[in-house]
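Here the structure comes first, spelled out in structure tokens, and everything after it is commentary.
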Amino acid sequence: MAHEREPLLQQRQTGVGNAAAGAKGSSSAPAPAASAALPSLARTVLKFLMWAVFLTWAAGIFLYPTKPVQAVFTKWVRLSKESMFGIAGGIFLAFSAPILIIALLAYVYISFFPSERVVEKKKLRSLSFRLWTFPVLVDGPFGVVSAAEFIGIVLFIIFVVYSMTYYAVESVSLVSKFDLPSMTQSELILDVIGARFGAVGLFCMLFLFLPVARGSVLLRLIDIPFEHATRYHVWLGHLTMALFTLHGLFFVISWSMEGRLREEMREWNETGVANLPGVISLAAGLLMWVTSLHPVRKRFFELFFYTHQLYVIFIVFLAFHVGNFLFSISAGVVFLFMLDRFLRFWQSRAKVDIISAACRPCGTVELVFSKPPGLRYNALSFIFIQVRELSFLQWHPFSVSSSPMDGRYHMSVLIKILGTWTEKLRSIITDVQDKNRGDSELQCGRMTACVEGPYGHESPYHLMYENLILVAGGIGISPFLAILSDIIHRIEEGKQCMPKNVLVLWSVKKSKELSLLSAVDAQTISSSVSDRLKLDIQAFVTQESLPPLEDGIVVDDRKVPGMFVKNGSTMSGLVGTGDNFWAAMYFLASTLGFLLAFTLVEAYYVKPHNVVAWWYRSLLFMLCMVAGVALPGGLVVLLWHLSEKQRMEGDKWDAAADSQSPRAEQTGPAAAAGGGDDDAVPGVSLAALRTTRYGCRPNFEAEFAAFAERAGDAADVGVLVCGPPGLQTSVARECRARNLRRRGGGGAEKSRSSAVFHFNSHSFDL
């Protein structure tokens, strides 16, 4: 398979080539030092601008309740009222425009300064890096929380408590100045505090939609993958809905005290807040909130999934409820979400060729998809899969089990059978296998599959560490198979690769699951690799006390030939994590289109016709957003699609024409080792490096202590976990304990615990 592998770091190779060329000509014309400093200066300036905009924006939100900021905001609204864009434009410029400006600068930054694939050792010890990898909380409702996440949680709590306390004191003080009956005072206080709850909820919505934009450039900029960002969406969703619920509850109590509950709830004002749209929006939000609670989501995932599509009703009627100028507070992040959703719609329309679909004897399904050679991903990426024969609406996330070094034209996933959807998927494949039992070749089958992604970390952080511990539970080994293959291939081909000492701790229930190790592309480790990589695979079979009689067969397990599907296309490259140039053009065209549409509507319709209805102006505002994304943005996406199609024509691989077997490129260890010569040096198989223990679980304290001793003093150890919450908690607790012991311990204990353990979770729990 080496003939069709592509280097992951084409830019790095190009840079090395340019450096070599520059070295040849250095004797005649040495490059000035100033030219080398320009990129560093530009990077610093971009970072400074993004931080300046963000901190100013965040400070304005945090200090918004205070009188000085309120006075400045009032003057700004008064000035905006006389402008072409009106109050809505002024508020949009104050609260939403900064997010769009940061997004634009982020596209410039990641385009000209792509993230480094290998982090310097000194950065691993930096405070900013350690904050993200040091677990502070390991138990509780938030799960495992890093120091950086803990700081964020505390800041949000402070903001909400501080804002509501300030508003409550101010409201009581204001109402007490008027000589009103006590009942009227109570009703007025409830109304004012209820309105403040809604205002704080709108500010929280500024952050609610950022984590769920899967290909968002902002997530790429700070290198937070979507599977981590969903946790932040869940936390913010609980907070936002709690605030909106209190907002509605305070008004319901006030209206009930007045005896006008039904009249007020059915009221739809032309000017001012419209109550009925607010009731509809809150009802949709409550349905989404209740079904997203963990006990309900775990038992009735489809109910959670379908009710979450009510977000459209929630957003639209929220805009009708508050009017265009209040909705413009959070319109910027909603616009970014619309950009991502529209691009995902385009990508998900492609029916993807399945190079191979097979069921392994352990019951796991392996799908190998055709992908364009230019579509970038790394060993820690994941994709969303839809099979239309099973459902037109359901999309399920799966970690990739292949490395980019395995091949340019394919991407594979391993799927464990856990529910109705996966059971039906296995049935489709096994039906074809049963009909063609005894045939060694893949058979053509029928399965309409669509793929979104890949998503994940902007840079493969498993390459940051010289010392690496991979802790997996069951099918959680899937991304680590990609990591192992990635590391082995990189060392074979002389690519830059930091890991030198790798320990795999893998817990399974039954020994038959151990056969998943055969899914690694690089099944044989040559002597040149083993000299540079110390790999230790420790497997723990928890529900068997003794090895089965056919243990030798388990080691040599291979999947049964399945089927391949020709749907007519590879995975689409129209994804936010794809081509940076086209993604930036899409963002820029859509944003300018939205602003142009809003300007034309305000200048030639709203002002000449004296449109005053708040809800109607909100409708026009949202239609401008949709028009900006669908028209100029859609045109750019179409050009992007045509460009991808033209590029693929010259570099296309036909699965059906490749030795009759779509995966003939992966038929043996020789291919994995990068050659098929008879005099090739024999290597060690991965199965031979595996030590299996039965009837026990890993002792993390002992395993981590032994690994730290091998790694040496002052070593940085990357710990990657993929598995159930209990496994993550156990590993995070051990990492925290060893790091704290390193600081506070003394004597021999301190020397044994001098290694720094960096906790990283790769688990996707929706």
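The values are calculated or read from the model by the stated rules, or taken from the named source; none is laboratory data. Computed from a predicted structure; not experimentally measured. Here the Cβ is made from the backbone with ideal geometry for all residues, glycine too, and neighbour counts use every protein chain on show. Keep in mind that these areas ignore ligands, DNA and RNA; they rest on the heavy atoms of the full protein, side chains included. Shrake-Rupley method; radii C 1.70, N 1.55, O 1.52, S 1.80 Å.
How large is the accessible surface per residue of region 233-380, computed with a 1.4 Å probe and reported in Å² as a whole number?
Working: 5940 Å² over 148 residues.
So region 233-380 comes to 40 Å² accessible per residue, rounded to a whole number.
For region 272-363, relative contact order (Cα pairs under 8 Å, six or more residues apart, normalised by length) works out to 33 percent. Only the Cβ atoms of Lys and Arg (+1) and of Asp and Glu (-1) were treated as charged; on that basis the dipole of region 145-264 about its Cα centre amounts to roughly 300 debye.
Tell me the net charge near PHE325. Cut-off is 11 Å between Cβ atoms, PHE325 excluded, with +1 for each Lys or Arg and -1 for each Asp or Glu. Summing Lys and Arg as +1 and Asp and Glu as -1 gives +2.
Working with all protein chains in place, sort MET585, MET338, MET241 by solvent-accessible area computed with a 1.4 Å probe, largest first. Write out the running numbers ahead of the final one.
Working: MET585 70, MET338 45, MET241 15 Å².
The ordering from most to least exposed comes out as MET585, MET338, MET241.
Can you give me the orientation-averaged projected area of the convex hull built on the Cα atoms of region 162-287, in nm²? With every direction weighted equally, the projected area is 9.8 nm².
On a 1.4 Å probe surface of the protein chains, which of ARG349, ARG690 comes out largest in accessible area, and what is the full order?
Solvent-accessible surface, decreasing: ARG349, ARG690.
Applying both filters, DSSP loop and at most 15 other Cβ atoms within 10 Å, to the chymotrypsin sites (Phe, Trp or Tyr not before Pro) of region 187-270 gives TRP268.
Residue by residue through region 585-597, what is 3J(HN,Hα) from phi via Karplus (6.51 cos²θ - 1.76 cosθ + 1.60, θ = phi - 60°)? Round to whole Hz and write x for glycine and proline. Taking θ as phi minus 60°, the curve returns 5, 5, 4, 5, 5, 5, 5, 5, x, 4, 5, 5, 4 Hz for region 585-597.
Stretched out fully, how many nm does the piece from PHE62 to THR245 gain, at 0.36 nm a residue minus the Cα gap? Provide the component values of the computation, followed by the final result.
Numbers: separation 183, 0.36 × 183 = 65.88 nm, distance 2.16 nm.
Stretched out fully, the PHE62 to THR245 stretch lengthens by 63.7 nm.
Taking amide H as placed 1.01 Å from N in the peptide plane, the amide H of HIS758 sits under 5 Å from that of VAL717, GLY718, VAL719, each at least 5 places away or on another chain.
Residues VAL368, VAL45 ordered from highest to lowest accessible area at a 1.4 Å probe: VAL45, VAL368. Put simply, the C-alpha atoms of region 228-289 give a gyration tensor, and the ellipsoid matching it has half-axes of 27, 13, 9 Å, longest first. For the listed residue pairs LYS495/LYS534; LYS416/LYS500; LYS424/LYS510; LYS67/LYS177; LYS424/LYS509; LYS351/LYS416, the alpha carbons are over 21 angstrom apart in LYS416/LYS500; LYS424/LYS510; LYS424/LYS509; LYS351/LYS416. Using a probe of 1.4 Å on the protein chains alone, the accessible area found for ARG260 is around 90 Å². Evaluating 6.51 cos²θ - 1.76 cosθ + 1.60 at θ = phi - 60° for every residue in region 331-337, the Karplus couplings come out as 5, x, 6, 5, 5, 4, 5 Hz, glycine and proline recorded as x. Calculated FRET efficiency, GLU709 to VAL252, Cβ-Cβ distance, R0 = 60 Å: about 0.40 to the nearest 0.05. Once all protein chains are placed together, LYS424 keeps about 100 Å² accessible to a 1.4 angstrom probe. With a Förster radius of 41 Å applied to the beta-carbon distance between LEU418 and LEU49, the computed FRET efficiency rounds to 0.30. Note on ILE61: accessible area is roughly 10 Å² with a 1.4 Å probe, heavy atoms of protein only.
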